[in-house]
1. Checking ALA77 against (1) over 24 Å from GLU134 (Cβ atoms); (2) among the small types (Gly, Ala, Ser); (3) surrounded by fewer than 19 Cβ atoms within 10 Å (Cβ to Cβ), which single condition isn't satisfied?
2. Among the residues of the stretch 34-62, which ones are assigned to a strand (DSSP E or B) and either more than 16 Å from ligand 2 (Cβ to nearest atom) or under 13 Å from the mean Cα position of the chain (by Cα) (or both)?
3. Tell me, yes or no, whether the stretch 2-25 has at least one residue that is among the β-branched types (Val, Ile, Thr) and farther than 24 Å from ARG179 by Cβ.
4. When residues of the stretch 1-26 are filtered for being away from ligand 2 (no atom under 13 Å from the Cβ), at pLDDT below 95 and in a loop (DSSP other than H, G, I, E, B), how many remain?
5. State whether one or more residues within the stretch 83-98 are buried (at least 20 other Cβ atoms within 10 Å of the Cβ), closer than 23 Å to GLU134 by Cα and among the β-branched types (Val, Ile, Thr).
6. For the list (1) of a type outside the set (Lys, Arg); (2) in contact with a Gly (Cβ under 9 Å, 6 or more places away or on another chain); (3) part of a helix (DSSP H, G or I); (4) within 16 Å of ligand 1 (Cβ to nearest atom), I need the number of the one condition that GLU165 fails.
7. Based on what the data block shows, is PHE173 closer than 28 Å to THR47 by Cα, surrounded by 14 or more Cβ atoms within 10 Å (Cβ to Cβ), among the aromatic types (Phe, Trp, Tyr) and in contact (Cβ under 8 Å) with a residue 40 or more places away in the chain?
8. Consider only pairs whose beta carbons are under 7 Å apart and that are at least six residues apart or on different chains; among these, list those whose first residue lies in the stretch 149-168 and is under 15 Å from TRP36 (Cβ atoms) and whose second residue is part of a helix (DSSP H, G or I).
Amino acid sequence: MDGFSRPECLPGTRQDILNWITDWLITPSQGQNIIWLHGLAGSGKSTISTTIAEYFRELKRLGAFMFFDRSESSEPAAVIRTLSYKLASFHPALRVAICAQIENDPGISEAPIRTQFSKLILEPLSSLPILHNEGPVIVILDAFDECGDSTSRRSLLMLLAQELEKFPSAFRFMVTSRR
Ligand SMILES: Nc1ncnc2c1ncn2[C@@H]1O[C@H](COP(=O)(O)OP(=O)(O)OP(=O)(O)O)[C@@H](O)[C@H]1O
Ligand SMILES: [Mg+2]
């Protein structure tokens, strides 16, 4: 499904949780940069994440909004490359830094997933101190439980669990899934 056809919360609904998550995302906190929203099927996780993504998109603070779908395969390395692409679309200086990495290493898309993550995401980010003064950068991953199969999901989860803490502190992540 494309982003534009995803439903948002009806006006006035889910106000408490929307405010709570938004406040958490814009409030810097030491050692914590991921909020996990979990709940039963149909409990409104995707609707809430779409509403929050749109809120930050309008503020120009949405670094990436990615959503998974059981019906479409999403292998972990492709998720990393898509995240890199979305971050490149978000920020012109980041785009230049990511393009330089690809020009230096045109075969990067065939490298192991950890290398792709370092070269296409972490290194470009750490080369841009200016990003750190511009306000929060929100990254939302909706329906993580629908990403790939259980093996590929585990490998992506392990990578993210180890690497997301290395992001600059301006980056704040929201992940949703069924438990
Ligand atoms: N606040 C709301 N306003 C309007 N519609 C809503 C709201 N919350 C949920 N819905 C509707 O309820 C249905 C289920 O919500 P949603 O898809 O967000 O659930 P989910 O928790 O993401 O489920 P799943 O675990 O299957 O991904 C959707 O059709 C959505 O449009
Ligand atoms: Mg959902």
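1. All conditions are met except number (3).
2. ILE34, ILE35, TRP36, LEU62
3. no
4. Looking only at that region, the number is 1.
5. The answer is yes, given that some residue of the stretch 83-98 is buried (at least 20 other Cβ atoms within 10 Å of the Cβ), closer than 23 Å to GLU134 by Cα and among the β-branched types (Val, Ile, Thr).
6. Tallying (1) of a type outside the set (Lys, Arg); (2) in contact with a Gly (Cβ under 9 Å, 6 or more places away or on another chain); (3) part of a helix (DSSP H, G or I); (4) within 16 Å of ligand 1 (Cβ to nearest atom), GLU165 fails exactly one: (4).
7. Yes, satisfied.
8. LEU156/PRO76; LEU156/VAL79
The values are calculated or read from the model by the stated rules, or taken from the named source; none is laboratory data. In this text, all values refer to a predicted model and were calculated from it rather than measured experimentally. Virtual Cβ from ideal backbone geometry, glycine too; neighbours counted across all protein chains shown.
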